[in-house]
Amino acid sequence: MFGGPDIGFAISAKAKNPDAAWAFVNWLTATETGQKVIAKTMQQPSLKSVPLDTSDVVTPEQKAALEKQGPALGNMIGAREVPNADVATALGLALQEVASGQVSPADAAKAVEEAIQSAG
């Protein structure tokens, strides 16, 4: 459900073939071919030479929003994570519940605000 500029990859200490795992992660994150795979999954590629693949985007508004996201992400610096685990969990849950139609955006925002207030 989540994606963005701070996606990380890791290799398990128990990997049977860590060199092959590293080769795959390196290929996926540092080559144009690997970044095209990333772009096809609607994640912003890290290489500026690889455009986001919007071929299966449903509406022109969604396409426009995604195309604006790339340049905006290029200017981001510093920490981009929610520093409080309870607030981050509340935000993730709220986004999922709104996306699945379980709660209204207003109710979700209220729940996140309550988590922020509790975090102090």
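When residues of the range 29-75 are filtered for being surrounded by 10 or more Cβ atoms within 10 Å (Cβ to Cβ), over 16 Å from the mean Cα position of the chain (by Cα) and among the aliphatic types (A, V, I, L, M), how many remain?
Selection size over the range 29-75: 4.
Scanning the range 91-103 for residues that are part of a loop (DSSP other than H, G, I, E, B) and out of contact with any Asp or Glu (no Cβ under 9 Å at 6 or more places or on another chain), which turns out surrounded by the most Cβ atoms within 10 Å (Cβ to Cβ)? Before you say what the answer is, go through the steps one by one.
Initially, the range 91-103 is screened for residues part of a loop (DSSP other than H, G, I, E, B), giving 100-103.
From what's left, out of contact with any Asp or Glu (no Cβ under 9 Å at 6 or more places or on another chain): 100-102.
Numbers: Ser100: 9, Gly101: 7, Gln102: 12.
Applying the filter and picking the extreme gives Gln102.
Inspect all residues belonging to the range 106-118 and state whether any of them is assigned to a loop (DSSP other than H, G, I, E, B), at pLDDT 90 or above and either touching an Asp or Glu at 6+ places or on another chain (Cβ under 7 Å) or closer than 26 Å to Val25 by Cβ (or both).
Checked the range 106-118: no residue is assigned to a loop (DSSP other than H, G, I, E, B), at pLDDT 90 or above and either touching an Asp or Glu at 6+ places or on another chain (Cβ under 7 Å) or closer than 26 Å to Val25 by Cβ (or both).
Mind listing whichever residues of the range 76-87 are at pLDDT 90 or above and surrounded by 14 or more Cβ atoms within 10 Å (Cβ to Cβ)?
Answer for the range 76-87, where residues must be at pLDDT 90 or above and surrounded by 14 or more Cβ atoms within 10 Å (Cβ to Cβ): just Val87.
The values are calculated or read from the model by the stated rules, or taken from the named source; none is laboratory data. For clarity, every value in this text was computed on a predicted model and none was experimentally measured. Cβ sites come from the backbone with ideal geometry, for glycine too, and all protein chains shown count toward neighbours.
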